[in-house]
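One structure is given here, and the rest of the page talks about it.
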Amino acid sequence: MAAISVGVDLGGTKVFGVAVDPESAQVVATRRTSTPSSGAEIVSSIVQMVEELAGEAQRPLGSVGIGAAGLVDARGVLRFAPNLPGVVDLDLAGAVGSRVEAPVAVDNDATCSAVAEHRTGAARGTANAIVVALGTGIGGALIMDGEVRRGANHMAGEFGHLLVDPDGPPCGCGNRGCWEQYASGSALGRLGRDAASSGRAPSLLDRAEGRLDEIDGLAVTAAAVAGDQAAVAVLDDFARWVAVGLAGLVNIVDPELVVMGGGLVRAGDLLLDPVRTHLDDLVMGAAYRPAVPVAPATAGDAAAAVGAALLFAA
């Protein structure tokens, strides 16, 4: 019986795992649990999830991949994870590998998502692409010459921490004015709250029944999808900030495609169209170069876990 690969997406609030047929990239079993608070508990939770997924699939375990939200080095050590307070220098590859009977690989979660997009999703068949995930923060990865690139220290793709304003708001990474402070889901929520409190978008406050803290990125997106023109204007402001970072990446990498994923992309062309328009305005020499398509990610919500499962085939 053919072996399965298990992929685990380790996030700040949840641990999500999949058992995947590595040949077809089809998911055959899933598991989800809350993220524990300590490194030792995280390792135990992942090991238990791997064992449960292999048992449910009723197939031999061929490999384990883990996608973690943070800086992961080439040895599979999670060096720093902004959304996992107190978890530093956690040797996930070594600790999990010592307790499961299969090889273990660890990578950044956004890099794993890019592996899935390149294998089965929107970037399939491309040689040079940028994959960007807009969530609570911003993650991403580069596909160059047909391969996902990881950099000298295995830490490439931290797009959210491009510096766009050195005097901007503080970021969880310790710096100020990072791109994700302007172009993430959290940033969209802040733009919505600013518009509501200043009187530019009273409808957003009405929808939140007067509770300003209830206006987050998903609330703004939902209002825009429903046709709220004030929310649409906020989304356009946000789209320009998204395009600011993308323009820098396009100028550096010269990709054939930009793939955008994350929960905010569920707004579809309501977000993507203004991003495309602003990107055309901001890319250097746009009138003299081929336009770079911006497409929604298609690998789905399980992309990071599926990509982790496919790390040994990537």
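Bear in mind that the values in this text are calculations on the coordinates, not laboratory data. Values in this document were obtained by computation on a predicted structure and should not be read as measured data. Here Cβ is always computed from backbone atoms with ideal geometry, including for glycine, and neighbour counts include all displayed protein chains.
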Original post:
Each residue of the range 282-295 in order: what ³J(HN,Hα) in whole Hz does its phi give by Karplus 6.51 cos²θ - 1.76 cosθ + 1.60, θ = phi - 60°, with x for Gly and Pro?
Top reply: 9, 5, 4, x, 4, 6, 10, 9, x, 5, 9, x, 10, 10
Original post:
Mind checking which of A57, A69, A122 has the largest fluctuation in a GNM of the chain, springs on alpha carbons under 10 Å?
Top reply: A57
**OP:** Report the paramagnetic label zone for R99: residues of the range 38-70 whose backbone N is under 11 Å from a point 7 Å from Cα along the Cα-to-Cβ axis.
**Re:** 39-51
**OP:** Taking amide H positions as placed in the peptide plane 1.01 Å from N, state which residues far from I138 in sequence (5 or more) or on other chains have amide H under 5 Å from it.
**Re:** G160
Subject >> Residue among R289, R193, R207 with the largest mean-square fluctuation in a Gaussian network model of the chain, springs linking Cα atoms under 10 Å >> reply: R289
Original post:
What residue among G185, G300, G210 has the largest mean-square fluctuation in a Gaussian network model of the chain, using Cα springs under 10 Å?
Top reply: G210
Subject >> Karplus-derived 3J(HN,Hα), 6.51/-1.76/1.60, for each residue of the range 193-198, Hz, glycine and proline x >> reply: 5, 4, 5, 5, 6, 8
**OP:** Report the residues of the range 230-250 in range of a label on R176: point 7 Å along Cα→C-beta, backbone N strictly under 14 Å from it.
**Re:** none
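Can you list which of the trypsin sites (Lys or Arg not before Pro) found in the range 1-70 are DSSP loop residues with at most 16 other C-beta atoms within 10 Å?
none
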**OP:** With a cut-off of at most 12 other beta carbons within 10 Å, and DSSP calling the residue loop, which GluC sites (Glu not before Pro) in the range 2-94 qualify? Please list them.
**Re:** E23
**OP:** Work out from phi, with θ = phi - 60° and the Karplus expression 6.51 cos²θ - 1.76 cosθ + 1.60, the ³J(HN,Hα) of each residue of the range 6-11, listed in order in whole Hz, and give x for Gly and Pro.
**Re:** 9, x, 10, 9, 9, x
